[in-house]
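**Student:** To start, I am sharing the structure in question, which I have written as structure tokens.
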Amino acid sequence: MAKLKEKIGYALGDAAAGGITWKVMSIAFPVFFTSIFGLTVADTALLMLIARMFDVVTDPLMGSLADRTQSRFGTYRPWMIYGAIPFGLIFALLLYTPDFGPVGKRIWAYTFYLLMMVIYTAVNVPYGSMLGVMTDDDNEKNQFSSFRMVGAYAMGFITLLSFPYLQKFVGGTEQHQYAVLGAFFGVLAAAGTLACGLLTKERLKPVRAEKFSFKPFADLFKNKPWIFLTLIGICTNFFNGFRYAVAAYMFDYILGKEITIGSLIINYTVFMTFGEVTCMIFGGLSPKFTQWVGSKRKAFMVAALICAIFSLLFFFMPQDAAYIWALIAIVVITSVGIGLYSPLLWSMYADVADYATEKNGTSSTGLIFSSGTMAQKFGTAISGSLVALLLGAAGFVSGTDVETGETIVTITDLEAVKDMVWSIFSIFPAIIAGIIILLTYIYPIKK
């Protein structure tokens, strides 16, 4: 039976990866690259697409490599312990804007974004895979998964809420602010990752296939639960990805860059923070909710239905800052659904890993959990890429001045850009949530 200290340690892993690095990358990177760093819309979209093709190869290979690791720290923990410092350092460099021209900036962004994807994979795939070797008790897996989500959302809440206040504290240009905050949050991410590796335990030994073989990769595509769950995972990250990637543009061009109510500053990060704290609360309630509903599958469908209904409702709200509290209320209720299904996804990956071990005779836990990480990066980055392309099609133009190196943003059709932003935050996620419900209904494991 795992102690509370270990569950908190496990939560710190996703507090670092999901609550800091991935949260900033999801919500800030599209607008950072186009409006602050100075990439064109096309460069930003292409960067994210290339990174996703890269991940298709690196994520499964990392999962297979992690499954075969043997060290004094175990199978999966050493990747977090030794990867913690590079993880934080590369994240910090990615948020730094060098004093280069368009070509130099493009090289810098592509280099460090791809490196960030590599180190994120090297740390996060083993982290997710650990759930399969920490306990064989299904209830305890749900608890670990719930702690993980609470850790991610709690740190996401802290990161997003503090962001505008830290920007004002740092001062200077936005480029300077992001560089300093990148270093600050990079240190926190490294510390959380290292603590997770040191505080957790691997109690179960995977049934190893010591020699490398492509058979586990082929077996995945014969595993129906894995196919459906991977599609569900991609869609959940599409759902979040669209909303997070476009939130900054919604404030910049519709609601106003900052809304000040007393001492509270509401910008795009704080706006999404209300959802983070809701996800944190309902992520903690997810195991009880699942028991009440009767199965993970049914609980997932109910949660996705909440997301679909309230995302659609957001579309019909006025595009006016005067309705900010009504908009926040809808975000909060939508986040109830996200909070309920998020822990279930990782617990269901553990079920799929158990199913694969029973069917094939050897463990492919790391490989299966790598698909969860790949779905996370695929869904988030492709949605970010599509946001850039759709805004470009609506009339948003960005780039770097060749002579001065300054970032230039031009809007050729403001109303079209506004309508596109509003639709990306509401209609697109509502459609994705409907697809999630259908896929979960067909998902073969009924537990």
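**Student:** Which residue fluctuates most in the GNM of the chain (Cα springs below 10 Å): SER347, SER71, SER26?
**Tutor:** Sorting by GNM fluctuation, first place goes to SER71.
**Student:** From the cross-link list LYS205/LYS296; LYS7/LYS288; LYS5/LYS296; LYS141/LYS205; LYS168/LYS377, which pairs have alpha carbons spaced over 23 Å apart?
**Tutor:** From LYS205/LYS296; LYS7/LYS288; LYS5/LYS296; LYS141/LYS205; LYS168/LYS377, over 23 Å: LYS205/LYS296; LYS5/LYS296; LYS168/LYS377.
**Student:** If you don't mind, another one. What does the C-alpha gyration tensor say about the overall shape of region 107-172? Classify as rounded when a/c is under 1.5, otherwise prolate if a/b is larger than b/c, or oblate.
**Tutor:** Oblate shape, in that a/c is at least 1.5 and b/c is the bigger or equal ratio.
**Student:** Using the Karplus curve 6.51 cos²θ - 1.76 cosθ + 1.60 with θ = phi - 60°, what ³J(HN,Hα) values do you get for each residue of region 7-14, in whole Hz, with x for Gly and Pro?
**Tutor:** Computed from phi, the couplings for region 7-14 are 5, 5, x, 5, 4, 5, x, 7 Hz.
**Student:** Whole-Hz Karplus ³J(HN,Hα) for region 266-275, in order, using 6.51 cos²θ - 1.76 cosθ + 1.60 and θ = phi - 60°, x for Gly and Pro?
**Tutor:** Working through the residues one at a time gives 9, 10, 5, 6, 5, 3, 6, 4, 4, x Hz.
**Student:** How much area per residue is accessible in the chain when the probe is 1.4 Å and only protein heavy atoms are counted (Å²)?
**Tutor:** Computed with neighbouring chains in place, this is 38 Å² per residue.
**Student:** Continuing with the same structure: Rounded to a whole number, what % of the accessible area of the chain do carbon and sulfur atoms account for, probe 1.4 Å?
**Tutor:** 69 percent
**Student:** Also, quick follow-up: Mind ranking 252-263, 32-43, 172-183, 117-128 by how tightly packed they are, going by the mean number of other C-beta atoms within 10 angstrom, highest first?
**Tutor:** With the highest mean Cβ count within 10 Å placed first, the list reads 117-128, 32-43, 172-183, 252-263.
**Student:** Under 20 °C and 1.002 mPa s, how fast does region 10-50 diffuse according to Stokes-Einstein, given a Kirkwood radius computed over C-alpha pairs? Answer in µm²/s, whole number.
**Tutor:** Approximately 192 µm²/s, per Stokes-Einstein.
**Student:** Can you tell me the mean projection area, over all orientations, of the convex hull of the chain's alpha carbons? Units nm², please.
**Tutor:** Average projection, Cα convex hull of the chain: 19.9 nm².
**Student:** Output the direction-averaged projected area (hull surface divided by four) of the convex hull of the alpha-carbon atoms of region 84-134, in nm².
**Tutor:** Its average projected convex-hull area is 3.7 nm².
**Student:** What does the accessible area of ASP99 come to, in Å² to the nearest 10, when a probe of 1.4 Å is used?
**Tutor:** Per-residue accessible area (ASP99): approximately 140 Å².
**Student:** Just need log10 I(q)/I(0) for region 263-350 at q = 0.15, 0.18, 0.21, 0.26 Å⁻¹, Debye formula, equal scatterers on the alpha-carbon atoms, no solvent, rounded to two decimals.
**Tutor:** -0.59, -0.77, -0.95, -1.24
**Student:** Let me ask something else. Once amide H atoms are built 1.01 Å from N in the peptide plane, which residues 5 or more positions from ILE408, or in another chain, come under 5 Å H to H?
**Tutor:** Here GLY399, THR400, ASP401 satisfy the definition.
**Student:** Which of these, ALA17, ALA304, ALA321, has the largest mean-square fluctuation under a Gaussian network model of the chain (Cα springs below 10 Å)?
**Tutor:** Looking only at ALA17, ALA304, ALA321, the biggest GNM fluctuation is shown by ALA321.
The values are calculated or read from the model by the stated rules, or taken from the named source; none is laboratory data. As the structure is a prediction and not an experimental result, all values here were calculated from the model. Glycine also receives a Cβ, built like all others from the backbone with ideal geometry; neighbour counts cover every protein chain displayed. We work out accessible area using only protein heavy atoms, side chains counted, and drop any ligands, DNA or RNA first. Shrake-Rupley method; radii C 1.70, N 1.55, O 1.52, S 1.80 Å.
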